[in-house]
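The structure appears below as structure tokens.
The numbers here are math on the coordinates, done by the rules we state, and not lab data. Only a predicted model underlies this, so the values are computations on that prediction, with no experimental measurement involved. Cβ sites come from the backbone with ideal geometry, for glycine too, and all protein chains shown count toward neighbours.
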Amino acid sequence: MGRAEDRRARQRGGRRAAPRRPSGSPSAAGADPSATVIGTPSAATGGRAAARRAARSGGKGGDGKGRIRRLFTWKKILGTFLGTCLLAIAAFIGLYLYVDVPSDNAAAQAAQRQSNVYKFSDGSTLARDGKVNREIVDLSKVPKQVRYTFVAAENKSFYNDNGIDLKGTARGVLNTLMGKGAQGGSTITQQYVKNYYLSQEQTVSRKLKEMVISLKVDRQMSKDDILAGYINTSYYGRGAYGIQAAAQAYYRVDADKLSVEQGAYLAALLQAPSQYDWQAASDTGKKLVTARWNYVLDNMVEEGWLDKSERQGMTFEKPEEPKPAAGLEGQKGYLVELANQQLISQLMQQEGIPRSQAEAEVVNQGWTITLNIDKKKQAQLEKAVKAQLTSKLDKKKRPVDANVQAGAVSVDPKTGKVVALYGGVDYFKHYTSNATRTDYQPASTFKPVILAAALEESAQTRSGKPITANTIYDGTSKRQVVDADGDKVGFAPENEDDQNYGPITVQTAMNKSVNSVFAQMGVDVGMKNVMDVAGQLGMDTAKEQAVPAQTLGTMGASPLQMAGVYATLDNHGEKVTPSIIKKAEHNSRAVDIPNPIGEQVISREAADSVTSVLTGVVDDGTAQRAVANNPKRAGQKVAGKTGTSDDNKSAWFTGYTPDLVTSVGLFGEDDKTHAQTKMYGAGGKDRVNGGGFPAEIWAAYMFGVTDPDARFDLNTDQGAAVQPTWTPTPSQEPTTQEPTEEPTTQEPTETPTTEPPTETPTTEPPTEEPTTEPAPTVPTDEPTDPITLDPGRPGNGNDQ
């Protein structure tokens, strides 16, 4: 055999043919041919090659990777992809042919709208809310530039697109399939189709119908007709559907009289109607809607719909006070408002829908919402505010009395239920709910949060001593706060009436609400730690700076938030998120109301220690006269804290018994402009302190609805509830500053009482007067933390 034949044999896998032999040779006469082949070098080589091929193909039978490669060739992949695309196109064509634009559905949609029914916790009816306020206007009656504000806000390409946003719609369908709900991205045409022809439900079929109908509507209707339909069917808040109703609700004008500035506000509203309603919005809401207002006008300039010089001269025009709907007078409107907001937030969270859509699904949609409000407690709270505050205000005699606003929230700490709420004198007279507003400082009611952070973080003073109820700090007014290295941090807060206390325990500092002590404690703990704990307890600190000034409670907070914070302390550190909704029912959906009781956010020992300390505030401190010595007290155990903000713009008492937490706030607000004002002189008092009207309202309410026999179950060995406020053994020489027993020249704001405190007797006079005793004595085993007695610069005058 030649070399060529040998090479061909190797290419065939080594199966080289045996050389021909004469017919008479032995091998030709019945010998096994395979034996001859196997014995040759070529056969051995071929066997090894076959083994390598078998190994590469996965061994047995040529399966494995070789089969996968044969199955997933690029031709097959491309063919599958193209086939899928063709099927999708065919399906869409079929859907396009099958789905028709529904007949006029506006009247049907309006007819389907039903009043929401709100009930007390016992099932009795509280209110009905659902009058539809709508008036259709022709687009020609809407100024042209006002029309552009809506296009600039929602869909700048409106006049050039084909009615749909493929990317946004695909995202919406995918999110629906994944259970994430809508994420925006709809064109004006799609939003009009959803409002006018379809329901608000979040399903894939509804979204596909929306896309098909939008394409057809865009072909059948002019852009002006679509825009007119959109602005006439959208929900603007305040029960207003359509631009005419919105123009009247917010600016008391008809749609044809709207200015560009006003139109830009209405267009901005559509993103979050209730959150962006200026009269009820939080500071954050006002910032957001102002930013969106600017965004709308800037887009108009960009698109050539507004002259740049004209834009620069425009200023934001605040809307008018709302006119509440009938049936929501008194406290009803405040209760309904909070229930709606909590249900809207729940829908947003569960369905992943934007706020504007969630609001549209709640308002006038036939919900039956049962609240946690206890009818008897609600009546008692309203009665207490009237008896202890509003009946004592005389606007004619004292103009400042017209500027006093009260808010209160009462929460069951074991269940998180909001059982009573006071939002203001009347929903018709004061639209903003004082129970939920967050634009006033909580002042010294923040001090327990600082102590909670110190205990939770096992913080120490600069000298390395653990911070406890018995730790000694310098209570000198205007004392410079220093950091761990002894360097001044540029903060020297003033105590109430610039009073000096000298070395005092943390317990006494809490009782007397001594600013200088808690300012230093906050820095010792670390302000970031303090703000983190505040957030865990329920305060909104996400956008707050962790600076020493925060120790005075300078961030905004509402009675609802503070009730939640103190309820968490009362509940031994398990998070309480107050909820006003017991259940929400609708004929087409079920909404899960989350458990208001959450996880352990601070240790039980830390929470219980703060509670123990706060009993001293009531029995020996700033709430002694109004609460501890109140004749209506029937043995209830009480913990709480007073607070009075800088310049007397707010005053608080937030306190609790073992079975109920209530936060009461008084706010100075100009009756006409709604600007924050000082309350000096209100009610005939030199100054409105937390231990005055707020504590009196609290006591009048709480001592009529709480269990006198309930007791705190505290896991702690410190604080006034388990030991005397201070040990009566001096441990150091008095300071050289002015004696603290010298009274100030200010008239006392309250009448002294001769009733002794309920805890360890002291010689203190009432808390509304300056103290008349020397600096409190301290335990001998707690040396004074080394500090620098430097008056420094004046700080804020926050007190009690």
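When each of the peptides 684-694, 706-716, 220-230 is scored by the mean number of other C-beta atoms lying within 10 Å of its residues, the order from highest to lowest reads 684-694, 220-230, 706-716. Treating each Cα of the stretch 307-372 as one equal point scatterer and applying the Debye formula with no solvent, the log10 of I(q)/I(0) at q = 0.12, 0.15, 0.17 Å⁻¹ comes out as -0.50, -0.66, -0.76. Could you compute the FRET efficiency for K75 and S157, with r as their C-beta to C-beta distance and R0 at 51 Å, rounded to 0.05? Given R0 = 51 Å and the Cβ-Cβ separation, E is 0.80. Here the residues S645, S309, ranked from fewest to most Cβ neighbours within 10 Å of their Cβ, fall in the order S309, S645.
Oblate is the label for the stretch 504-570. Its Cα gyration tensor axes, ordered a ≥ b ≥ c, give a/c of at least 1.5 and b/c at or above a/b. Cross-link reach is defined here as a Cα-Cα straight distance under 26 Å, omitting same-chain residues fewer than 8 places apart; for K512 the lysines meeting it are K447, K465, K478, K488, K528, K632, K637, K641, K649, K678, K685. The residues L338, L537, when put in order of fewest to most other Cβ atoms within 10 Å, stand as L338, L537.
Computed extension gain for Q279 through T390, at 0.36 nm per residue and net of the alpha carbon distance, reaches 37.7 nm. Sorting 413-420, 488-495 by their mean Cβ neighbour count within 10 Å, with the most densely packed peptide first, gives 413-420, 488-495. Residues whose amide H lies under 5 Å from that of I472, counting only those 5 or more places away or on a different chain, are D785; hydrogens are built 1.01 Å from N in the peptide plane. Fully extending the segment from K141 to T368, taken as 0.36 nm per residue of separation minus the present Cα-Cα distance, adds 77.9 nm. By the gyration tensor of its Cα atoms, with a ≥ b ≥ c the square roots of the eigenvalues, what is the shape of the stretch 263-413: rounded for a/c under 1.5, prolate for a/b over b/c, or oblate? Because a/c hits 1.5 or more and a/b fails to exceed b/c, the stretch 263-413 counts as oblate.
Partner lysines whose Cα lies under 27 Å from the Cα of K194, excluding those fewer than 8 positions away in the same chain, are identified as K131, K141, K144, K156, K167, K180, K207, K209, K216, K223. Short-range pairs are left out: with C-alpha atoms under 8 Å and at least six residues apart, the relative contact order of the stretch 216-288 is 20 percent. When both the stretch 602-669 and the stretch 505-582 are represented by their alpha-carbon centers, they are found 14 Å apart.
Classify the stretch 445-510: rounded, prolate or oblate, from the alpha-carbon gyration tensor (a ≥ b ≥ c, eigenvalue square roots; a/c under 1.5 rounded; otherwise prolate if a/b is larger than b/c)?
Here the stretch 445-510 falls in the oblate category.
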